[in-house]
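Student: One structure is given below, represented as structure tokens, and several questions about it will come after.
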Amino acid sequence: MPTTALLPLLTRIAESLERMAPPPADPAILDDLTQDTFLWQGSNGHLLPIPQMQAVPLELLKGIDRQIRQVMGNTRFFAHGLTANNVMLWGARGMGKSSLVKACLLAVNEEQRRNGQPPLALIEIPRDDLSTLPQLLALLRRSTRRVILFCDDLSFETQDADYKSLKSVLDGGIAGRPDNVLVYATSNRRHLMPQNMIENEAGDAINPGEAIEEKVSLSDRFGLWIGLYGASQPHYLSIIDAYAADRKLPIAKDELHRRALQWSIQRGSRSGRVAAQFITALSAELAEEAR
């Protein structure tokens, strides 16, 4: 076969091999300070840049002022090069746990850039990739950028040993978390594990107390442990008002509240997520009516 005909074939083979076994991630990817958010792909050891993170602005998060102050303060400390805690946000579904993490990162990074300081990086690590945490930490040790590892909707089930990978990171020490890394996690469970899992472990153990301590102690390794609770009706309506004002929806407040409460009754819950879903539907309805 002529050389000129062979080159395209060899190029295709090389590209296929690279897709099957891509080169390991380079920590230099974090040196681009215009890029703040990444997704860790543990299966191939890659950091995937996320050009634009979907996040709710901090001013639209209503009824959680204390929680905002705690997360913002801790994130600022970390961005300023000071000591800071790992953070666990737990509580009711749809109450803005992950939204709070993302909104605080955006707000702090805006401050950092305004002051001519380097922004933080946020790396989301999927639940199923927790076993590859040591590989990711080895990469981050080669970078000087300060990084928040974000584990969203974290929980563990029976026979699930991945919590030990996370626990070793939270413990610190020689092979633990480097100084330029914090862990922020969200969960619907206060102790990350179902009660029946803790009880089963206790029943099978030689020392039941030690088994329970082993499971519960994972949550204790987060220095900040912040709860977000279900929304009362006034809290829910304050979220509705904020979203409606942000979108400049042409609707009277009484009518807005009536329809929002009706929506929450149909959904069987009141939360920030339910409020956002209602506003999305209402925005489309009002736009259609105006056509």
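No value in this document is a laboratory result; all are computed from the given coordinates. Just so you know, these numbers come straight off a predicted model, no measurement behind them. Cβ sites come from the backbone with ideal geometry, for glycine too, and all protein chains shown count toward neighbours.
Student: Near Leu261, within a Cβ-to-Cβ distance under 14 Å, what is the net charge of the other residues, with Lys and Arg +1 and Asp and Glu -1?
Tutor: +2
Student: Measuring from label point to label point, each 7 Å out along Cα→Cβ, what is the Gln135 to Arg291 span in nm?
Tutor: If labels sit at Gln135 and Arg291, their model points lie 4.8 nm apart.
Student: Given H placed 1.01 Å from N in the peptide plane, which residues other than close sequence neighbours of Thr37 have an amide H under 5 Å from its amide H?
Tutor: Ile50, Leu122
Student: Kindly provide log₁₀ I(q)/I(0) values, in the same order as q = 0.27 Å⁻¹, from the Debye equation applied to equal alpha-carbon scatterers of segment 95-161.
Tutor: Scattering profile of segment 95-161, log10 relative to I(0): -1.19.
Student: Something else about it: Report the semi-axes of the equivalent ellipsoid for segment 27-104 in whole Å, largest first, where each axis is √(5λ) for an eigenvalue λ of the Cα gyration tensor.
Tutor: The three semi-axes for segment 27-104 are 25, 16, 13 Å.
Student: Evaluate 2.2 N^0.38 Å with N set to the residue count of segment 40-84, then give the Cα radius of gyration divided by it.
Tutor: 1.60
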